[in-house]
């Protein structure tokens, strides 16, 4: 049986339109919203998409970056100047694609650990216990040095793996071009090799 074309189908992704006057319009509530409202959607894990009202260009990333900028300009920034500088240096390099997925996977792991801790505290203390933020803060205070050691070991292992990868790539490049002569570079181990 075919669905009635007049019935509205609920779209799982909430659509927000951005107008030229920089206002955001939530099509679900038929009202204008602020960046703070969008931030609440993110915190509630609501799926949404921000589209330019005229061109239909996806502006979701730009809006999320605006929220991050506002958060960073507030009381306690998350990113140091050094980290931001390193991220900027990654643009345009061979590591650009890797950097985004690397950060994303690490944040996912961190959030999974935080969620597991929250679930564990609810099992032990019930829903009326301290807020998850307080428990997380206590955990980080107790486990801070251990966590830092774990992260440092992880980073050192990642650096070693990357160095090995670089060596493999250099060796493969050398092997690929062994028989070729390049101006300004001596040929290695060829028949015209002079003692």
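The values are calculated or read from the model by the stated rules, or taken from the named source; none is laboratory data. The shown structure was predicted, so the numbers you read here are calculated from the model rather than taken from an experiment. Note that we place each Cβ from the backbone using ideal geometry, even for glycine, and neighbour counts take in every protein chain shown.
Six or more apart or on different chains, Cβ under 8 Å: which pairs go from a residue in the range 69-82 that's free of Cβ contacts under 8 Å to residues at least 60 places away in the same chain to one that's assigned to a loop (DSSP other than H, G, I, E, B) and loosely packed, with under 10 Cβ neighbours inside 10 Å? Could you list them?
71/78; 72/78
With the requirement that a residue be more than 17 Å from the chain's Cα centre (by Cα) and part of a loop (DSSP other than H, G, I, E, B), what does the range 70-81 give you?
Across the range 70-81, the qualifying residues are 74, 75, 76.
Could you tell me which of the residues 151, 87, 99 is surrounded by 12 or more Cβ atoms within 10 Å (Cβ to Cβ), modelled with pLDDT under 75 and part of a helix (DSSP H, G or I)?
Unique residue meeting the criteria: 151.
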